[in-house]
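Take a look at the structure set out below.
The values are calculated or read from the model by the stated rules, or taken from the named source; none is laboratory data. Just so it is clear, the structure is predicted and the values come from calculations on it, not from any experiment. Here Cβ is always computed from backbone atoms with ideal geometry, including for glycine, and neighbour counts include all displayed protein chains. Surface accessibility is based on the protein's heavy atoms, side chains included, excluding ligands, DNA and RNA. Shrake-Rupley method; radii C 1.70, N 1.55, O 1.52, S 1.80 Å.
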Amino acid sequence: MADELPTRYEPAQIERRWYEFWENGEFFTPLLDRERPKFSIVIPPPNVTGRLHIGHALVNTLQDIIVRWKRMSGFNTLWLPGTDHAGIATQMIVDRELQKQGISRFDLGREKFVEKVWEWKESYGHQIIDQLKRLGASADWTRTRFTLDEGLSRAVRYVFVKLYEDGLIYRDLAMVNWCPFCRTAISDIEVEYRELNGKIYQIDYPLVDSDHRLTVATTRPETMLGDTALAVHPDDDRYKDFIGREAILPIVNRRIPIIADPILVDPQFGTGVVKVTPAHDKNDYEAGKRNGLPEIPVIDEAGRMMEAAGAEFAGRDRFDARLKVLERLRESGLLRDTKDYTNSVGFHGKCDTIIEPMISRQWFVKIEPLARPAIDAVRNGTIQIIPQSWESTYFNWMENIHDWTISRQLWWGHRIPAYYCANGHVTVAMEQPDACPQCGSSEVRQETDVLDTWFSSGLFPFSTMGWPDDTPDYQIFYPTDVLITGFDILFFWVARMIMFGLRFTGKAPFSQVFLNGLVRDEHGQKMSKTKGNVIDPLDVIDEFGADAVRFTLAIFTSGRDIPLAKTRMQGYAAFANKIWNASRFALMHIDRKLQSAKPIQRDDLKTVERWILSRLNDATRNVNKSLSAFRFDEASNTIYQFFWHEFCDWYIEMAKPVLLGRHGSPDDAARARRVLLEVLDRSLRLLHPFMPFITEEIWQKLGGVEPSIMVAPYPIAEELLEDREAARLMEAVKAMITAVRNARAERGFTPKDRFKLHVRAEAPRDAKFFEDHSYLLMDLARLTDVVVNGEPATGAHHDVVEAFSIAIEFPERVITKEQIERTQRELEKSRKELDAVVTRLGNEQFVRNAPPAVVEQAHARQSELRARIEKLMQNQ
RNA sequence: AGGCCCCUAGCUCAGUUGGUUAGAGCGCCACCUUGACACGGUGGAGGUCAGCGGUUCGAGCCCGCUGGGGCCUACCA
């Protein structure tokens, strides 16, 4: 049946073939079925500009595992995919393309530029989706959404208008984080703080009407050009007398007041005197408001000094101006000191530009009323965050949340649906009004700002399902069940979806959030191009196959960071190969297809068969349980251990004597074939969510009734298959085989040397079992003979395993030094343990307080150890 | 500064509500080309569970302290 299969598993063509089969067969698309229980999940939409990196590979592998598992478990399953328009990132890419051609976006103008971006999206925007397919992602691509699609855009406008009408969106002049490179405002959480080795300067400010000088410390001397005060602490005795007087701002020669502000100034820090620049520092801005200070902006939106900074500086870049300011201070002897200084500086992560705090007019979401219900939903368990330790992070952020700056001075994105008329009236509406509703002016212009990209992705779980319309998709699949994403977007995305979802749909958008860790290299280092430790998922899929990559990602996913190395993938590629070859073996023997195979009659089964089915059943239970808890590591490891170390290492080897006709009747062989088929079939189905390609390839050869393994039922544990008695006996057989192999190796014999084994079994049923199964011992331990309850010859090697005494008759009394040492060590260990057990059993408190099962276990262990020690003594 | 997490074999990690003898993968050593597989098989070496103290009949697991590492948030003139 399978002679044509190569001895090595070659993933490449197989993967492509089956993916097409699934996609063309519409296996990823759920039915619009209201009767069957549903399972739904939305993808964290990757940026259209994205190329699949290892983080995508991880999060989408985990989603696919859950989705395939649920689908096979009978749920009407939707995995809804999509991409994010990624305002800044996408605009930057197209901008750069244009620059190569010597064009600036300003040459094109807004409309033409946006057209260009759409063109770019049409050409390259599907790249990431094609790459997700290579991974095996079983998302319903017929429902692929894009955050700038008409439907999603309508949802965005709807939400904006509603929030505005409810008084939760406002426009105001405020201090915001400004990126001079991207020339847009960004929100607080988009600012990345980095420790920077810089300098701190001490600058003298002369006083008006006095020779006295006040010294201030600053890391940003260029902002002094916009200073409008000096501040000291009101209780600081050093400076009390100066409060209310005036200083002269060096270079500019402006008179500025000396004020007292207990909030701004920490007398312990620096010199205790602070320069106040209300237009370019957040704290100074607030101090300015408190003290009624003027704001003098000196840095423009491109990060260049403005006229107000003085003719000498105007037009210079802010960092260039810093040097110039220092030079001038040095000339005038006002630069008192320069020290090395490390402080954290805010960057815009997208473009690596230092953020400039600036006062500008922006749109904001008043967030507190949205945050409150979102906090409650997690607190009362409506939404469960896994791992739970993230909850405190979530609460901490949500409880101290600041209003959200949502306007961006970009062209690519959802243009804010606010309209200004010639008379300055503002109208916020779904569609552009023909005339101003307030004054009738027909001159209405739309706001030029666009919305933060996260505003639209915050609606993703429902905007993608047709909301605000009451569509079948929305009715059937919303709310979703689980969200799987990286912890790095807990605030950016997850929190916003919860807030928007609760407010607009009245329901939590999902009931569970699984936050996966960051993929790191094998030593826990972040992957980065400069370190050269980046693993490209497409490369490793080519090298090891998608199944091996997926399995590796799954088995290293706990709740924390994931240390990844190519050598691991190699290991799991080997596992795929093992599956391949075990299946080859099975296919060589199996004579029937699943379709025509009769159900297994449990009563006919031999112990060894009951044992493997019982073990598989245990594995099945554990895999289902682990997946329910998002323990991808446990689930994958359970299958790995079962398949390789129980099914391959033991069961297949134990079935060989029967399958190859060395033992038993033709009926025995037929039954063994049936069990082999059963175990392989169940194992493949169990494994399918983790390794979809290889399992489909093999399973198709087994001839199941379903058209694909991906719609075959997922195995569930069945109590009928439990068999503890079989487990007890088979563990003993395994332990005896291992003991023989061990003794053989320790005495320097080779596997070719065969010996006679004695087994002592007191209970008649056990004795019968060992007699019946002596062929297993003979075959796997390579023995000449197995004698149950006979008298071993003198000089035999004795041992006790799993409460059974055994003795091996070696042809000569070859006792190596290693063997003697080993016996000594074994004896010592057993005696030590026996002492401990005896002590424990002698302890009244233990016997009284410990559960009876534990006490009983200790008794059993005591007698086993005694027997073992006695036997080992005979070997000396 | 506040919060969270981590320290278990050479490396990377598991270790369920405290219950015998602490596991896995990779790596290492020795033997084996045995009819599915050398991307294999068999056997083996390797751990004072970071340290100290406490609770308990019993602690890798619970509590406290100390040391080391990481992350997040806030602040840093």
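Here are the numbers for this structure:
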{"read-out": "Between helix A:724-746 and chain A: long-axis angle, C-alpha atoms, 0 to 90°, nearest 10", "value": "80 degrees"}
{"read-out": "Compactness of the stretch A:155-251, expressed as Rg and Dmax over alpha-carbon positions, Å", "value": "21.0, 65"}
{"read-out": "Neighbourhood net charge (12 Å Cβ-Cβ; Lys/Arg +1, Asp/Glu -1) for A:Lys734", "value": "-2"}
{"read-out": "Overall dimensions of chain A as given by Cα atoms, namely Rg and Dmax in Å", "value": "36.7, 116"}
{"read-out": "Lysines whose Cα lies under 27 Å from that of A:Lys162, excluding same-chain neighbours fewer than 8 positions away", "value": "A:Lys366, A:Lys507"}
{"read-out": "Within chain A: Cβ-based charge dipole about Cα centre, in debye rounded to nearest 20 (Lys, Arg +1; Asp, Glu -1)", "value": "1560 debye"}
{"read-out": "Listed residue (A:Thr485, A:Asn423, A:Leu776) projecting farthest to the positive dipole end of chain A, Cβ model", "value": "A:Leu776"}
{"read-out": "Accessible surface, per residue, of the stretch A:569-657 when the full set of protein chains is kept, probe 1.4 Å, Å²", "value": "40 Å²"}
{"read-out": "Average silhouette area of the stretch A:468-600, convex hull of alpha-carbon atoms, in square nanometres", "value": "13.9 nm²"}
{"read-out": "Aspartates and glutamates with Cα under 14 Å of A:Lys531, excluding same-chain neighbours fewer than 8 positions away", "value": "A:Asp521, A:Glu522"}
{"read-out": "DSSP-defined antiparallel bridges as percent of all bridges, chain A, nearest 5", "value": "70 percent"}
{"read-out": "Interatomic Cα distance distribution for the stretch A:357-454, bins of 10 angstrom, percent", "value": "14, 29, 27, 19, 9, 2"}
{"read-out": "Residue-averaged [θ]222 nm for chain A, counting only DSSP H segments that reach four residues, each worth -39500 (n - 2.57)", "value": "-13500 deg cm²/dmol"}
{"read-out": "GluC sites (Glu not before Pro) within the stretch A:370-474: DSSP coil, no more than 12 neighbouring Cβ in 10 Å", "value": "A:Glu431, A:Glu443"}
{"read-out": "Distant-in-sequence amide H partners of A:Met306 (H built 1.01 Å from N, under 5 Å)", "value": "A:Ile299, A:Asp300, A:Gly315"}
{"read-out": "When each of A:Lys734/A:Lys829; A:Lys606/A:Lys768; A:Lys289/A:Lys350; A:Lys566/A:Lys734; A:Lys240/A:Lys289 is checked by Cα-Cα distance, pairs over 24 Å", "value": "A:Lys289/A:Lys350; A:Lys566/A:Lys734"}
{"read-out": "Rounded tilt (10° steps) of A:150-165 against the dominant C-alpha axis of chain A", "value": "60 degrees"}
{"read-out": "Share of carbon and sulfur in the accessible heavy-atom surface of chain A [1.4 Å probe, %]", "value": "48 percent"}
{"read-out": "Between the stretch A:164-196 and the stretch A:137-162, the alpha-carbon center distance in angstrom", "value": "24 Å"}
{"read-out": "Radius of gyration and maximum dimension Dmax of the stretch A:710-785, Cα, Å", "value": "16.8, 53"}
{"read-out": "Computed log₁₀ I(q)/I(0) - Debye formula, equal Cα scatterers, no solvent, the stretch A:654-728, q 0.12, 0.14, 0.15 Å⁻¹", "value": "-0.44, -0.59, -0.66"}
{"read-out": "Cα-only Debye scattering, the stretch A:201-324: base-10 log of I(q)/I(0) at q = 0.13, 0.15, 0.16 Å⁻¹", "value": "-0.48, -0.63, -0.72"}
{"read-out": "Inter-part distance where the stretch A:532-569 and the stretch A:706-758 are each reduced to a Cα centre, Å", "value": "31 Å"}
{"read-out": "Quarter of Cα convex hull surface for the stretch A:28-108, i.e. mean projection, nm²", "value": "7.5 nm²"}
{"read-out": "5 angstrom amide H check on A:Met527, placed H, neighbours 5+ away", "value": "A:Asp521"}
{"read-out": "Rg/Rh ratio calculated on Cα atoms of the stretch A:67-178 (Kirkwood radius)", "value": "1.09"}
{"read-out": "Ordering of A:337-347, A:640-650, A:459-469, A:694-704 by burial proxy (mean other Cβ atoms within 10 Å per residue, highest first)", "value": "A:459-469, A:694-704, A:640-650, A:337-347"}
{"read-out": "Cα centroid of the stretch A:51-66 to Cα centroid of the stretch A:497-525, whole Å", "value": "14 Å"}
{"read-out": "Percentage, to the nearest whole number, of Cα pairs in the stretch A:536-614 over 17 Å apart", "value": "64 percent"}
{"read-out": "For the stretch A:433-532, accessible area per residue (1.4 Å probe, heavy atoms of protein chains only), Å²", "value": "38 Å²"}
{"read-out": "Fraction in percent of alpha-carbon pairs per bin - 5 Å, the stretch A:751-804", "value": "5, 19, 28, 29, 15, 3, 1"}
{"read-out": "Burial ranking of peptide ranges A:132-143, A:494-505, A:98-109, A:716-727 (average Cβ count within 10 Å, highest at the top)", "value": "A:494-505, A:132-143, A:716-727, A:98-109"}
